[in-house]
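A short write-up of the structure that comes next.
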Amino acid sequence: MFNGNLLTTPQPQSADCNLSIANHLPVKAGMKTPGACGFLYGSVSRFQFSVGGAISVLQFSLPIGLSANICGMKLGLRLVISMLFSALSVRAQSKPLVFNNVDVFDGYHILRGRTVTVEDGMIRSVTAAGVRPPDSAVVIDGAGRTLLPGLIDAHVHIGREESLEQAAALGVTTVLDMWGDPTTLIPLKKEIERGEHPNAADFRTAGTGATVPRGHPTQMAGPEFPTLGAGDNVQAFVDARFAEGSDYLKIIYDHFLPTLSAEQLHALVLAVHKRNKLVVAHEGTQSEGLEEMRAGVDGIEHIFDDTPISREFLDTAVVSHAVFTPTLSIIQAVGGKPTGSVLATDPRFEPYILGWAFQILTTKLPESLTKKHHYENAQAAVRALHNAGITILAGTDSPNPDTSYGVSLHQELLLLTECGLSNEEALRAATSSPAREFGLVDRGRIETGRRADLLLVKGDPSKDIRATRDIVGVWKMGIAIHREEVAKRAAESRKNRQN
Ligand SMILES: [Zn+2]
C-alpha cells in the first residue's frame, strides 16, 4: 500500500540493532544498506511481503499439506512428532506449574473455572477447578483472570532476538517472519531451539522471498539477495530457498515496481507445492489478490484498500483455499489513522518497547501517502471475507511505521473485531487458526499434550478484547518469560538512543 517514493521510515540504529541503518534514510532503486532489518523496517513502498510455506517443527522439516488437507491421521502423526522434539529442544521446566480456578480460552472457546497443569513444558491436564495440585507445584491463582495460548503474530519481520523478546514480554510467543535475511535468522532459529534466548518468542521464517530484479523490496535498505529473472529456472530458485532454511515461500506480486509475470507467479506456486510446502503472496491491489488466488497460493498477506471488494473477488476467495492475513495495523496507518503514539505510551506496553522500535511505532506516515488510501475498503473486505467463512489470521507487519512487536497484535485483535469478528473469533485468529494453517500443531491451543506457551491476563477478553493487554504473566514451554529482564533491556535501549 505504500508508494515507492515515500522514504522516511526511521531505521534501527547500530546501537540497538546489528543491522545499522541511518535514520530517515532515503531509499532509492538499486540502493543497498547493511542489514536484514533494513528493508523490513523501511517497507515504505507498499507493504512487505507475505509468507506461505511448509513449517518445519523445530529442526525437523515435517512435510505438511495444504491447509485444506490438514486433518485426521496426518494431523495426529505430526502432533506426536512435533511434541516429541519440542520437549527435547529447550531447557526443562523444573517444577509443575498449576493455574488454579482460571477461565481458559482454549484456542476456540472460553471455558470457565478450570485448573490447568503444566509439566515438562507441556500442558498435562485441563480439569474442573478444585483439583489438588501436587505438593511440589508452583500454584498461580486464576481468579478473575483468563489463560490463553501464547499469541501468534502471523506477519512480522525480525532482525535479532531483541525483537522476539519484546514480542514475548507482551504475550506473543510465536511470530511468523514474512521476509528476512536467512544468514541472520537461520542461526538465530537454531539458538532459540537450543534454549539460548529463553525470553524470546519462537519463530518461523520465509527467509528470502520471490521477486524479480529491481522488484520490491530491492529498492529498500538491506543485504543483497537473489532474485528471479525472466529466464531463470523457477524450481531451482524455490529449492534454493528451502535449502537455505525458509519454512515457506513468500511471493511479491505487486506492480508498483517491476514484478513477476503471471506465468512466473503460477510456476512458483507449482514449484513450492511440488515440495509440499506453503506459499503466500503479498497483495497490493484487489486485482493482484485475485490473480494470486487463481494461481493457487495458500495465503494472502495484507488486504487491498484500492477498491471496494467485488463479487468476483469474494466468489474466488470462497472457492480458493487461501487464508487471509489482512495486517490491518499497517493498513490502518497507511490509511491515515495512526494509533502508534497512543499504544507507545500505554503503561502496559511502554516499559517493554525497544528504543528504535519506539521511534518506528510513533512514526506517522505523510499525508501525501495516506490520502491515496481508503481504510474503509480494507475493513469492508475483511468483513465480507469473514462473513463468507474465509479464515482470517492476525498479523501486524511490525515493525513498519506505527506498528511494533507484541504491542500491535493487541491492537490487531481490536481492529478485527471492528470488522465483525466476535472476540472469540479474533482470539482464534491469533492462536488456533495460525497454528493450524502453518502446521504449528504443537501450539495455539490449551489442551492436554500441547506446548505450554501461555498468556495469563486480568479480566475476560471474550467480553472485552482489550483485556489481552492486562498481562499477568507469559510462559514459553512452561518457563516464565522474565518480563523485567526484557524491560531492563528496553530501558537501556531507549537510554542509548537518547545519548
Ligand atoms: Zn510485511
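The values are calculated or read from the model by the stated rules, or taken from the named source; none is laboratory data. Model, not experiment: these values are computed from the prediction. Please note: Cβ atoms are built from the backbone with ideal geometry, for glycine as well, and neighbour counts cover all protein chains shown.
Just name the residue that is surrounded by the fewest Cβ atoms within 10 Å (Cβ to Cβ) out of those in region 460-482 that are out of contact with any strand residue (DSSP E or B) (no Cβ under 7 Å at 6 or more places or on another chain) and not aliphatic (A, V, I, L, M).
Top of the filtered list is 463.
Looking only at residues in region 394-414 that are in contact with a His (Cβ under 9 Å, 6 or more places away or on another chain) and not acidic (Asp, Glu), which one is farthest from the ligand (Cβ to nearest atom)?
Top of the filtered list is 394.
When you scan region 250-272, how many residues do you find that are charged (D, E, K, R) and over 20 Å from residue 324 (Cβ atoms)?
The first filter runs over region 250-272 and keeps only residues charged (D, E, K, R), leaving 250, 254, 263.
Retained after the next criterion (residues that are over 20 Å from residue 324 (Cβ atoms)): 263.
Number satisfying all stated conditions: 1.
Out of the residues in region 306-332 that are of a type in the set (Ser, Thr, Tyr) and part of a loop (DSSP other than H, G, I, E, B), which is farthest from the ligand (Cβ to nearest atom)?
If we take residues in region 306-332 being of a type in the set (Ser, Thr, Tyr) and part of a loop (DSSP other than H, G, I, E, B), then 310 is farthest from the ligand (Cβ to nearest atom).
Of all residues in region 273-305, which are in a loop (DSSP other than H, G, I, E, B), within 15 Å of the ligand (Cβ to nearest atom) and in contact with a Leu (Cβ under 8 Å, 6 or more places away or on another chain)?
The answer is 303, and nothing else.
Among 142, 150, which is small (Gly, Ala, Ser) and within 25 Å of the chain's Cα centre (by Cα)?
Numbers: 142 fails: within 25 Å of the chain's Cα centre (by Cα).
The match here is 150.
With respect to the numbered conditions (1) small (Gly, Ala, Ser); (2) in contact with a strand residue (DSSP E or B) (Cβ under 7 Å, 6 or more places away or on another chain); (3) modelled with pLDDT of 85 or more, which one is the sole condition not fulfilled by residue 163?
With (1) small (Gly, Ala, Ser); (2) in contact with a strand residue (DSSP E or B) (Cβ under 7 Å, 6 or more places away or on another chain); (3) modelled with pLDDT of 85 or more applied to residue 163, the lone miss is (2).
When the residues of region 228-255 are narrowed to those that are out of contact with any strand residue (DSSP E or B) (no Cβ under 8 Å at 6 or more places or on another chain) and assigned to a loop (DSSP other than H, G, I, E, B), which ends up nearest to residue 293 (Cα to Cα)?
255
So which pairs qualify, if the first residue must be in region 171-189 and away from the ligand (no atom under 16 Å from the Cβ), the second must be in a helix (DSSP H, G or I), the Cβ gap must be under 6 Å, and the two must be at least 6 apart or on different chains?
Listed by first residue and then by second, the contacts come to 184/36.
Can you tell me which residue in region 333-364 is nearest to residue 165 (Cα to Cα), limited to those that are among the charged types (D, E, K, R) and in contact with a Ser or Thr (Cβ under 9 Å, 6 or more places away or on another chain)? So that I can check it myself, show each step before the final result.
Taking region 333-364 first, the residues among the charged types (D, E, K, R) are 337, 346, 348, 350, 364.
The next check asks that each one be in contact with a Ser or Thr (Cβ under 9 Å, 6 or more places away or on another chain); those that pass are 337, 364.
On the way: 337: 27, 364: 25 Å.
Applying the filter and picking the extreme gives 364.
Residue 210 passes all but one of (1) over 18 Å from residue 398 (Cβ atoms); (2) within 15 Å of the ligand (Cβ to nearest atom); (3) modelled with pLDDT under 95; which number fails?
(3)
List pairs: first in region 323-351 and more than 15 Å from residue 306 (Cα to Cα), second of a type in the set (Lys, Arg), Cβ under 9 Å, 6+ apart or cross-chain?
Close Cβ pairs (under 9 Å, with a partner that is of a type in the set (Lys, Arg)) amount to 338/364; 340/364; 341/364; 346/469; 348/469; 349/469; 351/483.
Just wondering, is there one or more residues in region 215-224 that are part of a loop (DSSP other than H, G, I, E, B) and either without any contact (Cβ under 8 Å) to a residue 40 or more places away in the chain or under 18 Å from the mean Cα position of the chain (by Cα) (or both)?
No; the residues of region 215-224 include none that is part of a loop (DSSP other than H, G, I, E, B) and either without any contact (Cβ under 8 Å) to a residue 40 or more places away in the chain or under 18 Å from the mean Cα position of the chain (by Cα) (or both).
Out of the residues in region 333-366 meeting the condition of being over 25 Å from residue 429 (Cα atoms) and part of a loop (DSSP other than H, G, I, E, B), tell me which one is farthest from the ligand (Cβ to nearest atom).
The residue in question is 347.
Kindly indicate which of 201, 169 is more than 14 Å from the chain's Cα centre (by Cα) and surrounded by 24 or more Cβ atoms within 10 Å (Cβ to Cβ).
169
Restricting attention to region 367-393, which residues are crowded, with 24+ Cβ neighbours inside 10 Å and either within 14 Å of the ligand (Cβ to nearest atom) or among the charged types (D, E, K, R) (or both)?
Listed by number, the list holds a single entry, 393.
Taking region 124-160, which residues are under 17 Å from residue 477 (Cβ atoms), crowded, with 24+ Cβ neighbours inside 10 Å and away from the ligand (no atom under 16 Å from the Cβ)?
147, 148, 149, 150, 151
Considering region 225-266 alone, what residues qualify as being under 23 Å from the mean Cα position of the chain (by Cα) and among the hydroxyl-bearing types (Ser, Thr, Tyr)?
Of everything in region 225-266, those that are under 23 Å from the mean Cα position of the chain (by Cα) and among the hydroxyl-bearing types (Ser, Thr, Tyr) turn out to be 246, 248, 253.
For region 138-149, indicate whether the set of residues that are more than 30 Å from residue 412 (Cβ to Cβ) and either modelled with pLDDT under 80 or assigned to a strand (DSSP E or B) (or both) is non-empty.
Scanning region 138-149 turns up at least one residue that is more than 30 Å from residue 412 (Cβ to Cβ) and either modelled with pLDDT under 80 or assigned to a strand (DSSP E or B) (or both).
Of the conditions (1) free of Cβ contacts under 8 Å to residues at least 60 places away in the same chain; (2) out of contact with any Ser or Thr (no Cβ under 7 Å at 6 or more places or on another chain); (3) basic (Lys, Arg), residue 145 fails just one. Which one is it?
Residue 145 satisfies every listed condition except (1).
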